[in-house]
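First comes the structure, then the notes that go with it.
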Amino acid sequence: MAGLAHLLLGDGRLPVGAYTYSAGLEPAVAAGLTRDRIPALLRARLHTAAVTEAAAAVLALRAAGRDPVDYGPVQQALAARTPAAPLREASATLGRGVQRLARRLDPGHPAVAALSGIGPRPLRPVALGALGAVMRVTEEELARGVVYDELQTITSAALKLLPGDPLDSVVWILDAEPHAAAAVAEALAVRTPAGLPARTPPLTEQWALEHAQRERRLFLA
Amino acid sequence: MPDRHPDTTPDRHPDTTPDRHPDHNTPHLPDGHPRRALRLGVAGPVGTGKSSILATLCRELAGELAMAVVTNDIYTDEDARFLRSAGVLPTERIRAVETGACPHTAIRDDVSANLDAVEDLEEAYGPLDLVLVESGGDNLTATFSPALADAQLFCIDVAGGGDVARKGGPGITGADLLIINKTDLAPHVEVDVAAMVADASRARDGLPVLALSRHDPASVAQLTDWVRELLVRHRSGTHVPTDPGPMAPHSHSHSHDGS
């Protein structure tokens, strides 16, 4: 059955709570983003948050392969590059679902056990690194999974927030492919937690802070 | 109320539970003592009175049981705000989870957000006896995964029409308790409650049906007694969570009489 794990990583139906997250779309829509601007948002995410997240996941996967496993440096580096508290909280919430799955698959795996040593909770890319180790995916498969998931999260949430022809989503994702490939390459090139790119778009941060104050939300962030 | 809870249904045991982490999700210690609260799901179509049932249960039972509530809504915090304003439980014991406009997914296909909320409440206020998990108002097909709810009650009401019970669906046929709510409205909507209960009982093959009105103290007492008895079974390890859905053809080793 080789070759399925990396597909699972990018599958929105992986039961780890991803449907509760819009990767910034709901806050952006509240700030006035319209449907015709979704491709631009996808590109923006691929040049910013997706690179940081994919790189952090790859760093965590590398950490998971060492003895002893220590996620501390990558967790701290990522938290420092996620200045908006609601986004850190959303990441930790999503990471918890990933951790739950990793624990279910292989509770005794050193990569999984080391997640419990992280306080207060592992951020999603860190948990994904551990899951990647359990599922034995390559660094490139993991990075591509994270980047693809970013695209799928936004386009799936768009079906709820800015409804239109669902087939548009496929076109948008395919059109974003060169940007996605660049994001994967950039993530794989990061060697150390200190070198983790700080791609935090200020507007996204601001929208996330506003979203956290809003009632009648559909998504975490 | 007729009751039917087989002691053993090995073919329906939830071996597929996504997480049995010993700290939070093991219902019983090896010696049979409960480690965590009973998780009772409350499902049913929109507007049938789920939030009102939650408020009633809190009002009646919070004096004797340590309780908490998790709500699932299309818009995250509507039901949670209703319950908080009802003043039936300390507000911090009522949590709302984001469902991404998919309350059906949140209670069935991917229960991780709800498990997180339940575990957080147990960690913060435990040990708890009872955690109520309210589904978002969905249609007749939404039922809880046994990975989330140990037992579930499904709520329909007389105002939805007398036919609803006969039409069936997984919640109506398979929930641990079916509630036919708002019976006080029956004369106004020309529904025969007794006939509706009889239809529902036939559809449920012996599982309990309760005709409820919050203006009828006797029916409220039946509801709370059912919860107390369920809690006893949960604690003794004799309650086996069962999955009412999805809509699968059912078969019996015996023949139906008159149906």
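The values are calculated or read from the model by the stated rules, or taken from the named source; none is laboratory data. Predicted model only: the values in this text are computed from it and were never measured. Using ideal geometry, Cβ is built from the backbone for each residue, glycine included, and neighbour counts are taken over all protein chains shown.
Of all residues in region B:85-130, which are outside any helix (DSSP H, G or I) and touching a residue at least 40 places away in the same chain (Cβ under 8 Å)? If the condition is that a residue be outside any helix (DSSP H, G or I) and touching a residue at least 40 places away in the same chain (Cβ under 8 Å), then B:111, B:126, B:127, B:128, B:129, B:130 are the ones that fit.
Considering A:142, A:115, A:161, A:196, the condition of being over 19 Å from the mean Cα position of the chain (by Cα) and of a type outside the set (Phe, Trp, Tyr) is satisfied by A:161 alone.
Taken as a whole, the condition of being closer than 24 Å to residue B:145 by Cβ, under 19 Å from the mean Cα position of the chain (by Cα) and modelled with pLDDT of 90 or more applies to residue B:43. Among the conditions (1) in a helix (DSSP H, G or I); (2) within 14 Å of another protein chain (Cβ to nearest Cβ); (3) not small (Gly, Ala, Ser), residue A:121 misses just one, which is (1).
Being within 15 Å of the chain's Cα centre (by Cα), more than 14 Å from chain B (Cβ to nearest Cβ), surrounded by 14 or more Cβ atoms within 10 Å (Cβ to Cβ) and at pLDDT 95 or above holds for only one residue in A:183, A:176, and it is A:183. Tallying residues that are closer than 22 Å to residue A:27 by Cβ and either of a type in the set (Ser, Thr, Tyr) or assigned to a helix (DSSP H, G or I) (or both) within region A:193-214 yields 12.
Output the residues belonging to region A:152-173 that are away from chain B (no Cβ under 14 Å) and aliphatic (A, V, I, L, M).
A:167, A:170, A:171, A:173
Does residue A:195 qualify as being free of Cβ contacts under 8 Å to residues at least 24 places away in the same chain, among the small types (Gly, Ala, Ser), more than 14 Å from residue A:50 (Cα to Cα) and within 14 Å of chain B (Cβ to nearest Cβ)?
Working: free of Cβ contacts under 8 Å to residues at least 24 places away in the same chain: yes; among the small types (Gly, Ala, Ser): yes; more than 14 Å from residue A:50 (Cα to Cα): yes; within 14 Å of chain B (Cβ to nearest Cβ): no.
So residue A:195 does not fit the description; no.
Among residues of region B:64-84 being part of a loop (DSSP other than H, G, I, E, B), more than 16 Å from the chain's Cα centre (by Cα) and not hydrophobic (A, V, I, L, M, F, W, C), the one that is nearest to residue A:220 (Cα to Cα) is B:76.
Given A:188, A:151, A:142, A:218, which one is under 21 Å from residue A:57 (Cα atoms) and touching a Phe, Trp or Tyr at 6+ places or on another chain (Cβ under 8 Å)? Don't jump to the end; show me each part of the working.
On the way: A:188 fails: touching a Phe, Trp or Tyr at 6+ places or on another chain (Cβ under 8 Å); A:142 fails: touching a Phe, Trp or Tyr at 6+ places or on another chain (Cβ under 8 Å); A:218 fails: under 21 Å from residue A:57 (Cα atoms).
Criteria check complete, one pass: A:151.
Between B:151, B:117, the distinction of being modelled with pLDDT of 95 or more and either touching a Leu at 6+ places or on another chain (Cβ under 9 Å) or closer than 18 Å to residue B:226 by Cβ (or both) belongs to B:151 only.
Looking only at residues in region A:116-156 that are small (Gly, Ala, Ser) and buried (at least 23 other Cβ atoms within 10 Å of the Cβ), which one is farthest from residue A:24 (Cα to Cα)? So that I can check it myself, show each step before the final result.
Going through region A:116-156, the residues small (Gly, Ala, Ser) turn out to be A:116-117, A:119, A:127, A:129-130, A:132-133, A:143, A:145, A:156.
Then drop every residue that is not buried (at least 23 other Cβ atoms within 10 Å of the Cβ), which leaves A:127, A:129-130, A:132-133, A:143, A:145.
Working: A:127: 20, A:129: 22, A:130: 24, A:132: 24, A:133: 28, A:143: 19, A:145: 18 Å.
Of everything passing the filter in region A:116-156, A:133 is farthest from residue A:24 (Cα to Cα).
Just wondering, is there one or more residues in region B:162-175 that are assigned to a helix (DSSP H, G or I), of a type outside the set (Phe, Trp, Tyr), surrounded by fewer than 21 Cβ atoms within 10 Å (Cβ to Cβ) and free of Cβ contacts under 8 Å to residues at least 40 places away in the same chain? Yes, the conditions are met somewhere in region B:162-175. Of all residues being within 14 Å of chain A (Cβ to nearest Cβ) and under 13 Å from the mean Cα position of the chain (by Cα) in region B:109-145, which is nearest to residue B:35 (Cα to Cα)? Just the residue, please. For region B:109-145, the residue satisfying everything is B:145.
Only residues that are in a helix (DSSP H, G or I), of a type outside the set (A, V, I, L, M, F, W, C) and within 11 Å of chain B (Cβ to nearest Cβ): list them for region A:1-50, please. I'd like the intermediate steps shown before the answer.
Within region A:1-50, the subset in a helix (DSSP H, G or I) is A:5-9, A:18-20, A:25-30, A:35-47, A:49-50.
Cutting the leftovers down to of a type outside the set (A, V, I, L, M, F, W, C) gives us A:6, A:19-20, A:26-27, A:35-37, A:39, A:43, A:45, A:47.
A:19, A:20, A:26 - these are the residues of region A:1-50 that are in a helix (DSSP H, G or I), of a type outside the set (A, V, I, L, M, F, W, C) and within 11 Å of chain B (Cβ to nearest Cβ).
Pick from B:6, B:34, B:18: which is modelled with pLDDT under 90, surrounded by 18 or more Cβ atoms within 10 Å (Cβ to Cβ) and under 26 Å from residue B:236 (Cβ atoms)? Outline the logic, then answer.
Details: B:6 fails: surrounded by 18 or more Cβ atoms within 10 Å (Cβ to Cβ); B:34 fails: surrounded by 18 or more Cβ atoms within 10 Å (Cβ to Cβ).
Going through B:6, B:34, B:18 in turn, just one is modelled with pLDDT under 90, surrounded by 18 or more Cβ atoms within 10 Å (Cβ to Cβ) and under 26 Å from residue B:236 (Cβ atoms): B:18.
Out of B:223, B:210, I need the residue that is of a type in the set (A, V, I, L, M, F, W, C) and not in a helix (DSSP H, G or I). Which one? Just one listed residue meets the conditions, B:210.
For region A:158-192, the set of residues classified as charged (D, E, K, R) and in a helix (DSSP H, G or I) consists of A:160, A:168, A:175, A:177, A:186, listed by residue number. Within region A:94-115, which residues are surrounded by fewer than 21 Cβ atoms within 10 Å (Cβ to Cβ) and either in contact with a helix residue (DSSP H, G or I) (Cβ under 6 Å, 6 or more places away or on another chain) or modelled with pLDDT under 95 (or both)? Matches in region A:94-115: A:105, A:106, A:109.
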